[in-house]
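First up is the structure itself, then whatever we jot down about it.
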Amino acid sequence: MTRFFLSGIADEAAVELDRQIAVLKQNDMRYVELRQIDGKNIGSLTDGEARSAAAKLSDSGIGVSCLGSPLGKTRLDEPFEPVAEMVKRLCGHARTLDTTLIRIFSFYLPQGQSAADCRGEVVDRLGRMLDLAAQEGVTLLHENEKDIYGDTLERCLDLFEALDGKLKGILDPANFLQVGTDPLAAMRQLLPWIEYVHIKDVRLKDRRVVPAGAGDGQIADILALMNGKGGDRFLSVEPHLTLFAGREKLEKDSGPVLSASDEFVFADGPAAFAAAVAAIRQLAAPYLA
């Protein structure tokens, strides 16, 4: 049996770290997936800023489940050296923030090139990133983000197999739905590599991101499969229920235009975050530690 611990990307609730901490405590959460702090991406933090964040989180009794880095969310034909430098910097931040997990992606394809054309370069770059992280005792978790190389089940499976067990994964059900992949079928095939689950759901009839269980993500069934792995795992809430600050920088398509009268539209980030947490708490109640 698996023990699930609840975490979340709290920058969707608030920009400032102090306010993120307050929202986490209001929702009785002990972990955070750090992506943006005071409006600055985790990959851009200085060592001093990372130490300051670590002190605030420690004083508040909040641990870091994973660094939500932007690694691999660049074009494949851009130079690799900045990517390597960010891997090294983030591994240092991981030590400072007391986590061994960093979320990564597998690059945007250059215009006019097919996935088959790019496979070799993607595998090579990920392999070099993994080697750098392994030297620091850090595990890289590949997320199936839409519009990157590894956005479909077939290409995710190929990456995990090609990288010989070194690469592990984050499964995001909503992202799979948005590229036409059944997330439960994906979980069945990718289960040996999946270490971490993003809690985000989509209702296919209108492409709406909705609270866990209100969409077509089959999250309850995914958790049942994950429960069979054993060990301790994180479920990380990524609400996407409001157009939070900075979302346009993180996603090419932020979804349909919404109005205040639409279902699952919330007054602000903290309200949306609380609703997302409540939904997964209900859905995952049998498993949560």
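The values are calculated or read from the model by the stated rules, or taken from the named source; none is laboratory data. Just so you know, these numbers come straight off a predicted model, no measurement behind them. Glycine also receives a Cβ, built like all others from the backbone with ideal geometry; neighbour counts cover every protein chain displayed. Ligands, DNA and RNA are stripped out before the accessible areas are found, and what is left, the full protein with its side chains, is counted by its heavy atoms. Shrake-Rupley method; radii C 1.70, N 1.55, O 1.52, S 1.80 Å.
Averaging the Cα positions of each part gives two centres, and for segment 265-283 and segment 7-72 these lie 18 Å apart. About its Cα centre, the dipole of segment 1-134 is roughly 300 debye, where the only charges are +1 on Lys and Arg Cβ and -1 on Asp and Glu Cβ. Taking the 1.4 Å solvent-accessible surface of the chain as the whole, the part contributed by carbon and sulfur is 48%. Split the chain at each of the trypsin sites (Lys or Arg not before Pro) in a DSSP loop with at most 11 other beta carbon atoms within 10 Å, and the longest piece is 1-204.
With an a/c value of 1.5 or above and a/b larger than b/c for the gyration tensor axes a ≥ b ≥ c computed over the alpha-carbon atoms, segment 130-220 is described as prolate. For the pair Ala116 and Asp131, label points projected 7 Å from Cα toward Cβ lie 2.9 nm apart. Please label the shape of segment 32-82 as rounded, prolate or oblate, based on the square roots a ≥ b ≥ c of the eigenvalues of the alpha-carbon gyration tensor (a/c under 1.5 means rounded; beyond that, a/b larger than b/c means prolate, else oblate). In terms of gyration-tensor shape, prolate. Straight Cα distances below 18 angstrom link Lys146 to the aspartates and glutamates Glu154, Asp158, Asp172, Asp182, Asp201, Asp206, Asp216, Glu238, Glu248, Glu251, Asp253, with same-chain residues fewer than 8 positions distant left out. Solvent-accessible area per residue in segment 63-110 equals 36 Å², computed with a 1.4 angstrom probe and all protein chains kept. Restricted to Cα atoms, the chain shows a radius of gyration and a Dmax of 17.7, 51 angstrom. Using Cα-only point scatterers and the Debye equation, what is log10 of I(q)/I(0) for segment 1-132 at each q in 0.10, 0.14, 0.18 Å⁻¹, rounded to two decimals? At q = 0.10, 0.14, 0.18 Å⁻¹ the computed log10 ratios are -0.37, -0.67, -0.96. Could you work out the longest stretch of the chain that avoids the GluC sites (Glu not before Pro) located in DSSP loops with at most 16 other Cβ atoms within 10 Å? Value returned for the longest uninterrupted segment is 17-135. Farthest towards the positive end of the charge dipole of the chain, among the residues Leu97, Pro286, Ala214, is the Cα of Pro286, using unit charges on the Cβ of Lys, Arg, Asp and Glu. A straight Cα-to-Cα reach below 12 Å connects Lys40 with the aspartates and glutamates Asp11, Glu16, Glu49, residues fewer than 8 places away in its own chain not being considered.
Under DSSP H, which helices of the chain have Cα atoms covering 15 Å or more of the helix axis and a Kyte-Doolittle average no less than -0.5?
81-96, 115-135, 269-283
Within the straight-line cut-off of under 17 Å between alpha carbons, none of the lysines are reachable from Lys205, sequence neighbours fewer than 8 places apart in one chain being disregarded.
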